[in-house]
Amino acid sequence: MDAGYEAATTARKRLHVITWGCQMNVYDSGRMADVLAPLGYAPVSEPDGADMVILNTCHIRDKAAEKVFSELGRLRRMKEEGGGKMILAVAGCVAQAEGAEILARAPYVDIVLGPQTYHRLPEMVARAARAGGAVIETDFPAEDKFDFLPDAAAPQGITAFLTIQEGCDKFCSFCVVPYTRGAEQSRSAATVLAEAKRLVAQGAREISLLGQNVNAWHGTEGWGLGRLLRAMAEIPGLKRIRYTTSHPRDMDDDLIAAHRDLPTLMPFLHLPVQSGSDRILAAMNRKHTADHFRDIARRLREARPDIALSSDFIVGHPGETEADFEATMQLVRDVTFPMAYSFKYSPRPGTPAAGAPMQVPEAEKDRRLQTLQALLREQQAAFNASRVGMTFPVLFTGPGRHPGQIAGRSPWLQPVHAMGPTDLIGTEQIVKIAAAHPNSLGGELVDHPSQERRSA
Ligand code: 5AD
Ligand code: SF4
C-alpha cells in the first residue's frame, strides 16, 4: 500500500445522506457525495458516528417540514453524544422554502442549502468548520450549478439516472417546485451525451434522463428532447432509455416520433395529467384540456402500440366538485394507466391554490382518493395479468429474494424475477412470463433454462 493511499484512508470522513422525495433528489444526493469526495468524505449507510449528515428534503406534499424536524431531533442527540463534531446539513426543497425557520427551530444545524447551490458545498463545509456558526445558501446563484459540479464520480450501476433539466416555469396552482427549484435550466447536449457515455463505460445498461419538466429540455440550440433521445440511442452498449417527468404541453411531434423510431426507448411513459376535468385543469393552470391528453395518448399508441402510460393525479383541488372528480374517473377509464400515483390535494404555503376559496373537506378528499385508487389498482392488476404468457426482454439488475433467483425490470418497469445464474446480472434476457403478482411478475429464462428443467 503506498503512503498516499494510507494517508487518504486514514483521513477518511464518514458521510451519511438521508434522501426524501423524487428521483431528482436521489440523483442530487449522489452529486453532493461526489463534490464532497475530494474533501475525504465517503458515504456510510448509518448516521451513527458519521462526520457529516445531510438531510436531502422534499417539500412537495404534506408534513414535509415536520418530518425534517423530527429527524433533526434524533440527529441532535447523536451529534451531542459525539461531542458536537458531526456536521449537520439540511438540503433540498424544505431547506429552500423554510431555511430561516430551520435555523430558528434547530440552531444546532450547521448548513442550510437549496437545490441550486450544491456545487458550493465544499466551501460551505469549510466555512461552517471555521465560523462555528450556521451557513445558509438558498439564493438562486447567477452561475449554473451544472457548470460547477464535477463529473459524476461514483458508478451508479446497471440502471443509472442523469439529470438533464431542472426547475420549472409552469406554475401549476398547487405546486412548490417553481419556487424551490427555480426557473427551467437545461444542460447542453454535449454535456449530457458525454455523461451518458461515461455511465455506460462504468456499466450502465439503462439510463433514465431526469428533469422536473424533462420534455421541456432545450439544452442546445435547435435541439428538443426527441433529438437528444436519438443521439442517446446511438451510444453503443446502452440498451434502454427512459425519461421522466414530462408535461403534456411539451409532448411535441418529434418526441412522439422518437417513440416510433427508437427500439431502445422503453415503451413506458410517466405523463402526469393531475385531473380529467377541464374546469379544474384550468384552475390548476395546466394549460391543456382532458381531450388534449386523450389525443396525446392516442398518438403515442399509434407511434408505439405497446406503450404503457403512467400518471399523477390530485383529488380535491380547491373547487373540485363531484362532477369534476367523475371526469377524472372517466379519463382514467378512457386512457387506462398500468401504473399511477394519486394524492389528496395538500395546500402548500405561498402557492395560489393554498389561498383559493372552496377548499374540499378532508373526508371528501379521502373518499375520492380511495375511489380513484381502487380503479387504478384494478387497471394495474389487469395490466400485470395481461403479461402472463408473453415473452419479452428483462434487464437483470441483481439477485432475487429467493436462492437461485435473479431479478430485473420489464420494459414497462415491472419488477420481474426468474431462476437463473448471477452472471446474467447486467444483461437483458428473454423471459416468458408465468405469473402475475400485485406488484411484480415471475417467469422463466427462454435461452437459459433453469437447473430443474435441464435435469428433468
Ligand atoms: N398536493 C398534492 N399533490 C401534489 N403534487 C404536487 N404538488 C401537490 C400538492 N400541493 C403531486 C402532483 C405532481 C406530483 C409529483 O406530486 O401530482 O405531479
Ligand atoms: Fe409543479 Fe406543474 Fe412544474 Fe410539474 S409542471 S413541477 S406540477 S409547477
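The figures follow:
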{"item": "Residue that is farthest from G408 (Cα to Cα) [pool: residues in the range 214-243 that are buried (at least 22 other Cβ atoms within 10 Å of the Cβ) and within 16 Å of ligand 1 (Cβ to nearest atom)]", "result": "N215"}
{"item": "Scan of the range 253-275 for residues that are open to solvent by 10 Å² or more (accessible area, probe 1.4 Å) and either closer than 13 Å to V214 by Cβ or touching a strand residue (DSSP E or B) at 6+ places or on another chain (Cβ under 9 Å) (or both), ordered by number", "result": "L262, T264, M266, F268, H270, Q274"}
{"item": "Long-range neighbours under 7 Å by Cβ, at least six apart or interchain, first residue assigned by TED's automatic domain parsing to the domain that holds V94 and of a type in the set (A, V, I, L, M) within the range 45-67, second open to solvent by 90 Å² or more (accessible area, probe 1.4 Å) and away from ligand 2 (no atom under 16 Å from the Cβ)", "result": "A50/R14"}
{"item": "In the range 299-333, residue farthest from the chain's Cα centre (by Cα) [restricted to those that are more than 15 Å from L281 (Cα to Cα) and part of a strand (DSSP E or B)]", "result": "A308"}
{"item": "Residue selected from the range 285-298 under the condition part of a helix (DSSP H, G or I) and open to solvent by 60 Å² or more (accessible area, probe 1.4 Å), by the criterion farthest from A257 (Cα to Cα)", "result": "D291"}
{"item": "Where a residue in the range 332-351 is outside the structural domain of A436 (by TED's automatic domain parsing) and of a type in the set (D, E, K, R) and its partner, wherever it lies, is open to solvent by 50 Å² or more (accessible area, probe 1.4 Å) and away from ligand 2 (no atom under 13 Å from the Cβ), with Cβ under 9 Å and at least six apart", "result": "D334/R294; K344/D62; K344/E362; K344/D366; R348/A97"}
{"item": "Options A435, A418; residue that is at pLDDT 95 or above and either among the hydroxyl-bearing types (S, T, Y) or loosely packed, with under 14 Cβ neighbours inside 10 Å (or both)", "result": "A435"}
{"item": "R409, sole failed condition from (1) farther than 19 Å from L265 by Cβ; (2) open to solvent by 60 Å² or more (accessible area, probe 1.4 Å)", "result": "(1)"}
{"item": "Entirely in the range 15-107, the helices (runs of 4 or more DSSP H) that have 3 or more residues that are within 16 Å of ligand 2 (Cβ to nearest atom) and closer than 30 Å to S186 by Cα", "result": "23-36, 92-105"}
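The values are calculated or read from the model by the stated rules, or taken from the named source; none is laboratory data. Since we're looking at a predicted model, the values are computed, not measured. Positions of Cβ are generated from backbone atoms using ideal geometry, with glycine treated the same way; all protein chains shown enter the neighbour counts. When the accessible area is computed, the model is the full protein with side chains, heavy atoms only, and any ligands, DNA or RNA have been set aside. Shrake-Rupley method; radii C 1.70, N 1.55, O 1.52, S 1.80 Å.
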